[in-house]
Amino acid sequence: MVEKEYIIVGLGIAGICLCEQLSKHNKSFLAIDSGVKGSTAKSGGVFNPTVLKRFTAAWNASGFSPVAVTFYKNLSGKLGKDFFVETPIFRIFKSVEEQNNWSVASDKNELRQFLSSEFLKNKNPSVDAPFGFGKVLGTAQIQIDILLSEYRNFLFKTNNLVAEVFQYKDVVQKENGVIYKNISAKKIIFTEGAKAIENPFFPKQTLIGNKGEYIIIHAPELKMETLLKGPVYVIPLGKDHYKVGATYSRDDYSLDPTEEAKEEILSKLKSFINCPFDLIMQTAGIRPTTKDHRPLLGNLNESPNLVFFNGLGSRGFLMAPLLSEILFNYLEKETPLPKEIDIKRML
Ligand SMILES: Cc1cc2nc3c(=O)[nH]c(=O)nc-3n(C[C@H](O)[C@H](O)[C@H](O)COP(=O)(O)OP(=O)(O)OC[C@H]3O[C@@H](n4cnc5c(N)ncnc54)[C@H](O)[C@@H]3O)c2cc1C
């Protein structure tokens, strides 16, 4: 029998943050991941502490943001790959009214650090933005492919990762721990994203899948190096390729790209880009969202050794680093979970 303190099921951003917490505190663990692309792999990789529809701060932005920035910088250093690229978001203004709303918002305490009070004029002939841009600070583009592949390689090399689909039927719950196949552990932590709805131990009613689709375009004349936010995001991928999206479709767990989403993204894109482009591909992923837009952490009373870290919704990159610390302190130091993120609130 192999003995570990923790088994982590799933290696998206939640699993990565948790593995890092456990390593930091010298706790032994084994991660199990199927290798099937989850929400993290399909995401835009935008690190953004604000809500750019309404010019407000994201929930607890000033708590999540500094912890996350330090986390990603440290992890970049550890992996020797700079996947956390700090870059502003240029938010296209639709009208003078929006400019005024931005000015008011940028003067608020919680937003001053994120919304620059200075307006930018558009100098890009391929972009239609007659009212200019607001510049969002403290934002970054996370190069997801690099993060995910480098972290997997790192765990493989240190013998901390098994690439397989976790078999729920092989879980044996004991009073002081769990056994999974030939591994005995104190606890299993499920960081499975929207796939958790297939987990028989997970309370399914707590999660609402929200499908998001992106297209990837090749636009040699666009020449954008920063993140651009109009009715959709334009995210530079290098070599004149851009990710454009995303859509939102509630309670949808299917992964097939749809014609409807493609048309929606194209029509929104053409409302602020006037240069030619080729459509290269379309992708779809499922956001693990919840009714109250708050994460799901902790365990159920009937199975104390099966723990969940889920419900990251559309803000996984912002929230996962601090939430993994909170979960660690709950598990190792018996620090109670704040009610608003405790999975038990939903039962
Ligand atoms: C289209 C789209 C765009 C998005 N854009 C952004 C963005 O720009 N910024 C942002 O912050 N957030 C964004 N999000 C949200 C973000 O992706 C999620 O909040 C976050 O990635 C969820 O991470 P997770 O680790 O919980 O789940 P996931 O990333 O889904 O990871 C779960 C992992 O578990 C594995 N797994 C599941 N079940 C099993 C099993 N039984 N056995 C083995 N392995 C298993 C999966 O293969 C996967 O690797 C976006 C989401 C979508 C869909």
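Read the figures in this text as sums done on the coordinates, not as results from a lab. Keep in mind that what you see is a predicted model, and the values were worked out from it rather than measured. Here Cβ is always computed from backbone atoms with ideal geometry, including for glycine, and neighbour counts include all displayed protein chains.
Look through the stretch 309-347, keep the residues that are in contact (Cβ under 8 Å) with a residue 12 or more places away in the chain and among the polar types (S, T, N, Q), and return whichever of them is surrounded by the fewest Cβ atoms within 10 Å (Cβ to Cβ).
Checking each candidate, the answer is 314.
Quickly run through the stretch 221-262 and pick out the residues that are over 20 Å from residue 144 (Cβ atoms), in contact (Cβ under 8 Å) with a residue 40 or more places away in the chain and over 21 Å from the mean Cα position of the chain (by Cα).
Within the stretch 221-262, 221, 222, 223, 258, 262 meet the criteria.
Could you tell me which residue of the stretch 265-294 is nearest to the chain's Cα centre (by Cα), considering only residues that are hydrophobic (A, V, I, L, M, F, W, C) and within 13 Å of the ligand (Cβ to nearest atom)?
286
Scan the stretch 34-54 for residues that are assigned to a loop (DSSP other than H, G, I, E, B) and near the ligand (Cβ under 6 Å from one of its atoms) and report the count.
So the count comes out to 6.
How many residues does the stretch 55-80 hold that are closer than 19 Å to residue 295 by Cα and not in a helix (DSSP H, G or I)?
Residues flagged as closer than 19 Å to residue 295 by Cα and not in a helix (DSSP H, G or I) within the stretch 55-80 amount to 4.
Taking the stretch 253-292 only, how many residues are part of a loop (DSSP other than H, G, I, E, B), surrounded by 20 or more Cβ atoms within 10 Å (Cβ to Cβ) and in contact with a Lys or Arg (Cβ under 8 Å, 6 or more places away or on another chain)?
0
Right, residue 235: in a strand (DSSP E or B), within 13 Å of the ligand (Cβ to nearest atom), touching a strand residue (DSSP E or B) at 6+ places or on another chain (Cβ under 7 Å) and under 17 Å from residue 308 (Cα atoms) or not?
Against the criterion (in a strand (DSSP E or B), within 13 Å of the ligand (Cβ to nearest atom), touching a strand residue (DSSP E or B) at 6+ places or on another chain (Cβ under 7 Å) and under 17 Å from residue 308 (Cα atoms)), residue 235 does not qualify.
Yes/no per residue for (1) in contact with a Lys or Arg (Cβ under 7 Å, 6 or more places away or on another chain); (2) closer than 30 Å to residue 26 by Cβ; (3) in a strand (DSSP E or B):
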position: 82; (1), (2), (3): no, yes, no
position: 101; (1), (2), (3): no, no, no
position: 105; (1), (2), (3): no, no, no
position: 119; (1), (2), (3): no, no, yes
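Is it true that residue 55 is crowded, with 20+ Cβ neighbours inside 10 Å, more than 27 Å from residue 202 (Cβ to Cβ) and in contact (Cβ under 8 Å) with a residue 24 or more places away in the chain?
In short, yes.
Consider the stretch 295-314. How many of its residues are under 18 Å from residue 251 (Cβ atoms) and either in contact with a His (Cβ under 7 Å, 6 or more places away or on another chain) or away from the ligand (no atom under 11 Å from the Cβ) (or both)? It would help to see each step written out before you state the result.
Looking only at the stretch 295-314, we keep the residues that are under 18 Å from residue 251 (Cβ atoms), and these are 296, 310-314.
Filter again for either in contact with a His (Cβ under 7 Å, 6 or more places away or on another chain) or away from the ligand (no atom under 11 Å from the Cβ) (or both), leaving 313.
Residues in the stretch 295-314 being under 18 Å from residue 251 (Cβ atoms) and either in contact with a His (Cβ under 7 Å, 6 or more places away or on another chain) or away from the ligand (no atom under 11 Å from the Cβ) (or both): 1 in total.
Select from the stretch 1-33 the residues that are part of a loop (DSSP other than H, G, I, E, B) and near the ligand (Cβ under 7 Å from one of its atoms) and write down the one among them that is nearest to residue 168 (Cα to Cα).
Here the residue is 10.
Between residues in the stretch 144-171 that are near the ligand (Cβ under 9 Å from one of its atoms) and residues that are hydroxyl-bearing (Ser, Thr, Tyr), which pairs lie under 7 Å by C-beta distance while being six or more apart or on different chains?
144/40; 144/43; 148/40; 164/34; 165/34
What number of residues within the stretch 293-347 satisfy the criterion of being over 18 Å from residue 38 (Cα atoms), in contact with a helix residue (DSSP H, G or I) (Cβ under 6 Å, 6 or more places away or on another chain) and not in a helix (DSSP H, G or I)?
Going through the stretch 293-347 one residue at a time, the tally reaches 5.
Among the listed residues 211, 229, 243, 223, which satisfies the condition of being surrounded by fewer than 20 Cβ atoms within 10 Å (Cβ to Cβ) and either among the charged types (D, E, K, R) or within 14 Å of the ligand (Cβ to nearest atom) (or both)? Before you say what the answer is, go through the steps one by one.
Numbers: 211 fails: surrounded by fewer than 20 Cβ atoms within 10 Å (Cβ to Cβ); 229 fails: surrounded by fewer than 20 Cβ atoms within 10 Å (Cβ to Cβ); 243 fails: surrounded by fewer than 20 Cβ atoms within 10 Å (Cβ to Cβ).
Being surrounded by fewer than 20 Cβ atoms within 10 Å (Cβ to Cβ) and either among the charged types (D, E, K, R) or within 14 Å of the ligand (Cβ to nearest atom) (or both) holds for just one of 211, 229, 243, 223, which is 223.
Out of (1) more than 23 Å from residue 330 (Cα to Cα); (2) more than 12 Å from the ligand (Cβ to nearest atom); (3) small (Gly, Ala, Ser), what's the single condition that is false for residue 177?
Checking residue 177 against (1) more than 23 Å from residue 330 (Cα to Cα); (2) more than 12 Å from the ligand (Cβ to nearest atom); (3) small (Gly, Ala, Ser), the one that fails is (1).
In this structure, is residue 110 part of a helix (DSSP H, G or I) and of a type outside the set (A, V, I, L, M, F, W, C)?
In short, yes.
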